[in-house]
Number of protein chains: 2
Amino acid sequence: MGRIEINSIMNAFEFVKPDIQSMEELIREQVEDNHPELAIALDLLLSSGGKRVRPTITILVGKSLNADYQRVITMAAAIELLHTATLVHDDLIDGSLLRRGAPTLNSQWSPSATVLTGDFLFASAAKLASETNSIDIMKLFSKTLRTIVNGEVSQMFAIRCKPSIDEYYRRIYAKTASLFETSASAAGIISESDPAIIQSLAKFGREIGMAFQIIDDILDFNGDSAVLGKPIGSDLRQGLVTLPAQFFFADFQTHPLVKKVLEFGCLKDENEIKSLIEAICDSSAIEKSYSVAEEFIRKGITALTAIPETMERNMLTNLALSQVNRDR
Amino acid sequence: MGRIEINSIMNAFEFVKPDIQSMEELIREQVEDNHPELAIALDLLLSSGGKRVRPTITILVGKSLNADYQRVITMAAAIELLHTATLVHDDLIDGSLLRRGAPTLNSQWSPSATVLTGDFLFASAAKLASETNSIDIMKLFSKTLRTIVNGEVSQMFAIRCKPSIDEYYRRIYAKTASLFETSASAAGIISESDPAIIQSLAKFGREIGMAFQIIDDILDFNGDSAVLGKPIGSDLRQGLVTLPAQFFFADFQTHPLVKKVLEFGCLKDENEIKSLIEAICDSSAIEKSYSVAEEFIRKGITALTAIPETMERNMLTNLALSQVNRDR
């Protein structure tokens, strides 16, 4: 559909597979000597088929810059665990029963056990981050955690079904792009790169993270629920106006359902919700959203040229470009 | 009642009041530029009349060792915030409605808001700890957080109403003594003391922390619920066999209610629970528990003699001794 072309070089995810395995071993080691139920929970979470895109970025940036391998793997593990911890608390808060087709922890455990498992994962992520022996990493790590949680708090208290493009971009930065930013820049810090390089890496991660979340938000409209492993339209049902809906609401203000939402707030009738989702899918809002994501990806890739061209850098570029074509 | 005598020198809590105020200002600054509801929550939590015993230890140890003032205050703030974060999630998990006579956050907010507020406090505590610019502090901080959460997980999955003295000591170390240990030793790390001194400070904090929790557990039997600001006997009602109950169960195995618990598990009848609490209060179990607490305090005070005798060290000694006389 006219999406950006991708060079057919080796897939980044295939390339980092052994590194991701080392990372997962390190993650599993974190629960040894602790309560056995935590190991069970971690196993469930690790086997649930996440794409590991954040640690993949850390590892590829680290390899591009010849950063110390063990510290890079340790940081990658910290980032993946932090991400997992936020998902555990998020799913509990949203009452989500499925993620990537697998039952969420909160669908099987008590709220208490779910809260504490998330806390333990946060603590373990902090422990791993501290094992990089870099105070700059620790500062970045805790700043990112605060950004993510503050974003979740803002989202919780936000007025439902009220379009605001500024709020949307703020939200997806906090929710997703901030950790992508950290995934890339942390590897720069470990390699002791110049501040300007670290800034460029942060920009790369941030822009790619924005694109990543926009694609997620598009797939929540036009994706295949069987492939995604979760129902379609969940954002709209939660009252979150993501980018496709923002465009649709701005462009079709006379559409009866748009008028209804703008006047009375969230739709409650399931048929109306479905018909609004269909209308958005059939409109130019989807293409427009893809274009915005592509623009973020282009800016990210440009920022990445600050580091030397290596095979790993090319993989990062392709990883970024491939986002627009993913179906889950 | 024959408890250890305390020298009537200046009260430690009075002495550190200006420092605690600086610490509280620093804590309040952490919520600026974040979501306004977080500031409201933090205000509620800070004004709820905690004793600030942990940061008081950090500050007094820091002053004894001439540690950098700003770093000590920053660490004290990190410790108090970490403590507050664990209380927020604990009260949610236990469904507690009152703490220190004030409504808990979970009694007024949704579970989701309570979870996220706790997460934000964890993140802010980690941020402050990282601002001490010491990787050893960060390692200690994340280790302590893991210990506390792992202890809570073990407590949640533990069999109710089953006396085990080993499990009791493990639990109160994880729940309370580990953070006291960190409160004292962190100030030693900041002052760049010898490892042997830091070890002694850790021992001081650990022993005092054990005593502190035992006194809390005694007060849950013989305290005044109006002074405590929470109902009496809450541990036993939750199925937790604390030290007074451990002694009573060991010494009075033929007592009909003890036999009932050992055979059938937790009591359900409110009159039976009340009568068991009364029997424990009237028994030697309370005095025995005080003696154990005093022994921990003596060991803690001995460990503290590793640092030079200063006014602040004497205050720490008195602070430790005064634990057995507190009524809340």
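Just so you know, all these numbers are worked out from the coordinates, no wet-lab data involved. Please read these numbers as outputs of a predicted model, since none were measured by experiment. Note: ideal-geometry Cβ built from the backbone for every residue, glycine included; neighbour counts use all protein chains shown.
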Computed helical MRE - 222 nm, the protein assembly as shown, DSSP H runs ≥ 4 contributing -39500 (n - 2.57), nearest 500: -22500 deg cm²/dmol
Interchain or long-range residues, amide H under 5 Å from B:ARG52's placed H: none
Cβ-vector label at 7 Å, B:GLN21, separations to other copies in nm: 6.2
Å³ per residue enclosed by the Cα convex hull of the stretch A:12-325: 124
Sites B:GLU32 and A:ALA250, calculated FRET efficiency, Cβ-Cβ separation with R0 41 Å, nearest 0.05: 0.80
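For the stretch A:232-272, just say rounded, prolate or oblate: build the C-alpha gyration tensor, square-root its eigenvalues into a ≥ b ≥ c, call rounded for a/c under 1.5, and beyond that prolate if a/b exceeds b/c, oblate if not.
On the way: a/c = 1.80, a/b = 1.14, b/c = 1.58.
Note, shape of the stretch A:232-272 comes out oblate.
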Sequence of B:MET311, A:MET156 once ranked by neighbouring C-beta atoms within 10 Å, starting from the fewest: B:MET311, A:MET156
Taking B:ARG52, A:ARG170 and counting other C-beta atoms within 10 Å, the order from fewest to most: A:ARG170, B:ARG52
20 Å binning of all Cα-Cα separations within the protein assembly as shown, expressed as whole percents from 0 upward: 18, 47, 28, 7, 0
Neighbour-count ranking [beta-carbon atoms within 10 angstrom, fewest first] of B:HIS255, A:HIS35: B:HIS255, A:HIS35
Computed E for A:ASN325/B:GLU192 - FRET, C-beta separation, R0 41 angstrom, nearest 0.05: 0.15
Isotropically averaged projected area of the stretch A:129-196, using the convex hull of Cα atoms (one quarter of hull area), nm²: 5.3
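Taking the Cβ-Cβ separation of A:ARG237 and B:SER225 as r and a Förster radius of 41 Å, what is the calculated FRET efficiency to the nearest 0.05?
Details: r = 45 Å, r/R0 = 1.11.
Taking R0 as 41 Å, the efficiency between A:ARG237 and B:SER225 is 0.35.
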Cα centroid separation, the stretch A:150-219 to the stretch A:62-113 (Å): 16
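Can you run the Rg to Rh ratio on the stretch A:21-72? Use alpha carbon positions and the Kirkwood inverse-distance Rh. Show your work: numbers first, answer last.
Values: Rg = 13.2 Å, Rh = 12.4 Å.
Radius of gyration relative to Kirkwood radius: 1.06.
Anything in chain B that counts as a DSSP H helix reaching 20 Å or more along its axis (C-alpha) with Kyte-Doolittle mean of at least 0.0? List them, would you? Walk me through the numbers on the way to the answer.
Working: long enough: B:69-94 (37 Å, 0.55); B:111-130 (29 Å, 0.85); B:135-157 (33 Å, 0.40); B:195-222 (40 Å, 0.51); B:285-304 (29 Å, 0.14).
TM-like helix candidates: B:69-94, B:111-130, B:135-157, B:195-222, B:285-304.
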Radius 10 Å from Cβ of A:ASP235, net charge of other residues (Lys, Arg +1; Asp, Glu -1): -2
Calculated over the stretch B:278-328: convex hull of Cα atoms, volume per residue (Å³): 63
Qualifying lysines (Cα of each under 22 Å from Cα of A:LYS288; at least 8 residues distant if same chain): A:LYS162, A:LYS175, A:LYS259, A:LYS274, A:LYS299
